[in-house]
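Just below is one structure, and these are the notes that go with it.
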Amino acid sequence: MAYVRPPAGEISARPLPDGVWRLDWLLPPGKDLVTPELLLGRVRETLAGWTGGQTPPYELLDTGVHTVHHRLARRWRAHRVFLAGDAAHLLGALGTHGLEEGLRDADNLAWKLALAWHHGPHEALLDSYQTERRAIVSARLRAADQALPLVRGGGGLRSYVPGSARGNDTLLTDGHLGRGALGTPGTYAASPLTPGGLEGAVSIGTAPGSVVTDVRVTAEDGTFVRLRDRLGRGALLAVLIAPGTGVWERRHWVSAGIMPRLAAAVSALPHRAELLVAESYPGAAAHTVLLVRPDGHLVTALSGVRPADLYAAAEAALGGPATAEVTAEAGAEAGPGLAERHHAVHMVMLS
C-alpha cells in the first residue's frame with residue numbers, strides 16, 4: 001500500500017498480483033459526470049505525479065465509480081439470528097478494515113456460539129456479541145468520519161501547516177497496518193463479560209478487553225508455540241509468567257513451585273482451559289497469571305495463584321453462572337446429532 005500526492009490529489013495505490021495496481025482517489029465535490037476524458041486525464045496526471053513528471057506506459061484494465069457508505073445496524077441479534085460483517089456494518093471510507101472488522105465479528109461470535117451449542121444457550125454471553133462488537137465498530141466509524149476532512153484536504157490555512165501532508169500519510173497508513181484509531185483491533189472496555197471486584201487483579205501492558213500480545217509460550221505438551229496459535233480452539237487460556245522456564249524442559253519445572261496449585265485451579269474452572277507458560281510478557285511481573293478468552297482478548301491479570309479470583313474471572317467471561325434451567329436443557333440436548341439441531345442458530349455474514 002502506498003500513498004502519493006500528485007496534482008490530482010491524494011491517491012491510494014494497492015499492488016495486486018501479476019504487476020497490476022489499483023488506484024483510488026476521491027472525486028472532487030459536485031455532481032459532474034465522470035466522462036472518459038476526465039477519467040483518462042486523472043489517470044495520466046496521477047501516474048505523472050507518481051513518477052516525477054512523465055507518464056509511463058500503462059494498460060487500463062478496468063474503471064469504476066462507487067459511492068462510499070457508512071452503515072451500522074441497530075441490532076445485531078434477534079433470537080437465533082446474528083448479523084456479522086457487511087450485514088452488520090459498512091466501513092467504506094478509508095482503508096480495508098471493513099473486511100478486518102468482519103473477521104473480528106466472526107472471532108468474537110464463534111466461540112460464544114460453540115459454547116451455547118455444546119453447553120446450552122447462555123443469553124448474557126450471546127448478547128455480549130452485539131454489545132462488544134457494535135461499540136468497537138461505532139468508534140471506528142466516528143474515527144473515519146473525523147479523518148475524512150483531513151484526507152480530502154481543501155486548502156485554506158491548513159495547507160500551510162508544516163507536516164500536514166505527513167500526517168495524512170500516517171493516518172491512512174495506520175488504517176491499513178492495524179495502528180491508531182483507524183486500525184487497532186479495539187478494546188472491549190465496557191464489556192458485560194469483564195470481571196469486577198477481583199482482589200488479585202493487577203495492571204500489565206495489556207488492558208482488560210484488549211487483544212493480548214503474541215508472545216512465545218510453552219504448551220501443555222512441552223512444545224514452544226506462539227500464544228496466537230492457541231487461540232480459536234474454544235478453550236480459555238491461563239498464561240503463567242515464569243522467567244527461566246524457556247531454558248529448561250517442561251518436565252523439570254511442571255511439578256515445582258506454584259505450578260501444581262495453578263494446574264489444579266485451571267482444571268477446576270467452569271469451562272475447558274489450557275495452561276500455558278511464558279518467560280515474559282510486556283508489563284507483567286513474575287508469577288502473574290493471565291486469563292485469555294478464546295478470541296485473544298484479555299479477561300484479567302492476577303498476581304500469583306488465586307483460585308477464587310481465577311474462577312470468578314472465568315465465570316464472568318462466560319457470561320456469568322449458568323442457570324439451572326439452562327444446565328438441565330444442555331444435559332437433555334447432549335444426545336441429538338447435527339441433523340436434529342441444525343435449526344438452533346442462524347448466522348448471516350457477508351463480506
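Readers should treat all values here as calculations from the given coordinates under stated rules, not as data from a laboratory. What you see is a predicted model; the values in this text were computed from it and never measured. Using ideal geometry, Cβ is built from the backbone for each residue, glycine included, and neighbour counts are taken over all protein chains shown.
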### Query
Looking at the stretch 216-317 from every direction and averaging, what is the projected area of its Cα convex hull in nm²?
5.6
### 311, 281, 58 arranged by Cβ crowding within 10 Å, fewest neighbours leading
58, 311, 281
### Whether the stretch 257-301 is rounded, prolate or oblate, judged on the alpha carbon gyration tensor where a/c under 1.5 counts as rounded
oblate
### Query
Roughly how many Å is it from the Cα centre of the stretch 234-299 to that of the stretch 40-69, as a whole number?
54
### Task
Taking the Cβ of each residue in 63, 300 as the centre, tally the other Cβ atoms inside 10 Å and list the residues starting with the fewest.
63, 300
### Task
List 279, 123, 59, 249 from most exposed to least, where exposure is judged by having the fewest other Cβ atoms within 10 Å.
59, 249, 123, 279
### Task
With N denoting the number of residues in the stretch 30-121, provide Rg(C-alpha) divided by 2.2 N^0.38 Å, to two decimal places.
1.75
### Query
With θ set to phi - 60° and the Karplus curve 6.51 cos²θ - 1.76 cosθ + 1.60, what are the ³J(HN,Hα) couplings of the stretch 59-71 in order, to the nearest whole Hz, using x for Gly and Pro?
10, 7, 8, 6, 9, x, 10, 9, 8, 7, 10, 10, 9
